[in-house]
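Peer 1: Below you'll find the structure I mean.
Taken together, the values in this text are just the output of simple stated rules run on the coordinates, not laboratory data. Owing to the predicted nature of the structure, the values given are computational and were not obtained by experimental measurement. Heads up, the Cβs are rebuilt from the backbone with ideal geometry, glycines too, and the neighbour counts pull from every protein chain shown.
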């Protein structure tokens with residue numbers, strides 16, 4: 001308790017908690033269509049491939065919007081950038097409530113939902129910006145635990161859709177955006193960790209470095225796996241095991257909540273044990289658990305247990321990777337985080353499509369799980385190669401912060 005109090009006093013705690021709330025709400029909106037997928041599928045009578053497209057578009061759109069929002073944040077400030085984004089979320093939810101009546105209008109809404117998915121790099125940089133390097137992993141883990149918003153969406157959206165209709169859920173979200181916006185205005189402050197004289201080339205330097213792309217590919221497995229599977233799981237439970245729409249959301253909530261909570265643990269563990277060491281264990285566990293998920297598709301209890309193991313690893317991996325980012329790019333964390341988050345989310349957008357194609361053409365989801373597991377194994381090999389140079393240049397052995 002004393003160590004946690006010391007951590008909070010080392011930075012600006014109100015900004016940390018404001019960033020957590022903002023990121024949590026944004027994540028909930030980003031996956032709202034996935035949470036309501038069984039209702040939407042029934043309403044529009046979608047095929048597996050159409051479902052995969054519908055679920056993938058918000059993830060792809062959010063990924064593509066992350067880097068521009070990160071650049072904007074470097075110039076107008078991260079706090080102001082969050083307020084711009086939340087205005088966009090309100091507009092997207094209003095469109096969903098008032099104008100979505102066909103499948104093509106639903107796809108257009110998916111593009112607008114990408115605004116919510118753009119929050120990642122800005123939220124983490126804003127929340128952790130006032131904390132010293134030795135606490136960056138924990139600070140980013142706490143803000144990143146806003147991924148719990150995906151669990152909240154999976155729990156609440158199906159119940160609300162059951163009672164009021166799935167389009168009404170967009171209206172509730174449009175009203176709800178006022179809460180994180182007011183908290184951000186009142187309690188958050190812009191951290192002093194950015195260089196106001198940095199050039200545009202310096203801001204985007206991470207785009208031209210191997211480390212940036214290595215981080216991005218690894219994050220495509222950890223965060224991409226988290227957001228892609230969270231979006232896909234309600235449909236998977238409903239289709240594969242015949243549970244009710246609300247029960248499918250509840251099962252998804254359990255896995256997503258565990259993954260979000262373990263992000264904090266991953267950040268804390270990386271501060272002490274090292275981000276590279278933590279990621280090594282994460283990628284190994286992810287590879288094995290995904291293959292076993294595909295093989296256990298006839299047993300709901302076993303599948304659920306394996307999903308919990310997989311999501312725990314993915315959540316810890318997200319925290320571990322972003323313990324390393326501010327060590328590598330201390331003056332451009334918002335832009336670097338946005339770029340890495342962009343490619344990571346693009347990886348997540350492939351998952352619903354891969355699962356839909358596997359189901360439609362082979363009659364089973366197994367090969368979709370195997371494909372994701374193969375990507376995780378490839379990233380484990382990449383990590384072991386890259387860490388040799390990382391621990392000789394900007395990080396201590398295992399991926400810990402260097403002593404001042």
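Peer 1: Filter segment 327-337 down to the residues that are under 18 Å from residue 81 (Cβ atoms) and assigned to a helix (DSSP H, G or I), then identify the one that is nearest to the chain's Cα centre (by Cα). Steps first, answer last, please.
Peer 2: Going through segment 327-337, the residues under 18 Å from residue 81 (Cβ atoms) turn out to be 329, 331-337.
Adding the requirement that they be assigned to a helix (DSSP H, G or I) leaves 333-337.
Details: 333: 17, 334: 15, 335: 16, 336: 15, 337: 12 Å.
Ranking the qualifying residues of segment 327-337, first place goes to 337.
Peer 1: Got a number for residues in segment 312-328 being closer than 17 Å to residue 130 by Cβ and crowded, with 24+ Cβ neighbours inside 10 Å?
Peer 2: Count: 4.
Peer 1: Within segment 365-382, identify whether any single residue is surrounded by fewer than 16 Cβ atoms within 10 Å (Cβ to Cβ), outside any loop (DSSP other than H, G, I, E, B) and more than 24 Å from the chain's Cα centre (by Cα), and answer yes or no.
Peer 2: no
Peer 1: With the condition being surrounded by fewer than 22 Cβ atoms within 10 Å (Cβ to Cβ), I'd like the helices (runs of 4 or more DSSP H) fully within segment 58-133 carrying at least 3 qualifying residues.
Peer 2: 78-99, 103-117
Peer 1: Among the numbered criteria (1) outside any helix (DSSP H, G or I); (2) within 30 Å of residue 74 (Cα to Cα), which one does residue 386 miss?
Peer 2: (1)
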